[in-house]
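Since the structure comes first, as structure tokens, the remarks are kept for the end.
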Amino acid sequence: FVATVERYNELAEGGVDEDMGKPAQFLKAIKQPPFYGIHRHIGLSTIIHGVNVNADMQALNDEGEPIEGL
């Protein structure tokens, strides 16, 4: 934790986040205690493909034809 904060402060003072690419305007050195750390589980959910639809928002089959009843 201490090494991470020290590294972040170096980057903040240099004005360029070479590690994570944080924009310079958001780089603020962490100097005033108390310091807190939390363990976070970040999740990402994406769907690469979905239902194909036409201009009328009708669901399409593999041949590109509307599926009746949907």
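Odds and ends about this structure:
- For Ser45, the conditions (1) modelled with pLDDT of 90 or more; (2) in a loop (DSSP other than H, G, I, E, B) all hold with the exception of (1).
- In the set (1) assigned to a loop (DSSP other than H, G, I, E, B); (2) more than 24 Å from the chain's Cα centre (by Cα), Glu13 fails one condition alone, (1).
- Residue within region 56-68 that is assigned to a helix (DSSP H, G or I) and surrounded by fewer than 10 Cβ atoms within 10 Å (Cβ to Cβ) present: no
- Of the residues making up region 1-10, those that are part of a helix (DSSP H, G or I) and more than 21 Å from the chain's Cα centre (by Cα) are Val2, Ala3, Val5, Glu6, Arg7, Asn9, Glu10.
- A search for C-beta distances below 6 Å between a residue of region 55-70 that is at pLDDT below 95 and any residue that is part of a strand (DSSP E or B) and surrounded by 10 or more Cβ atoms within 10 Å (Cβ to Cβ), counting only pairs 6+ apart in sequence or on different chains, returns Leu70/Ala59.
- Among the residues of region 16-55, those that are more than 22 Å from the chain's Cα centre (by Cα), within 26 Å of Val2 (Cβ to Cβ), loosely packed, with under 11 Cβ neighbours inside 10 Å and not basic (Lys, Arg) comprise Gln32, Pro33, Pro34, Phe35, Tyr36.
The values are calculated or read from the model by the stated rules, or taken from the named source; none is laboratory data. Every value quoted in this text rests on a predicted model; they were computed, and no experiment measured them. Virtual Cβ from ideal backbone geometry, glycine too; neighbours counted across all protein chains shown.
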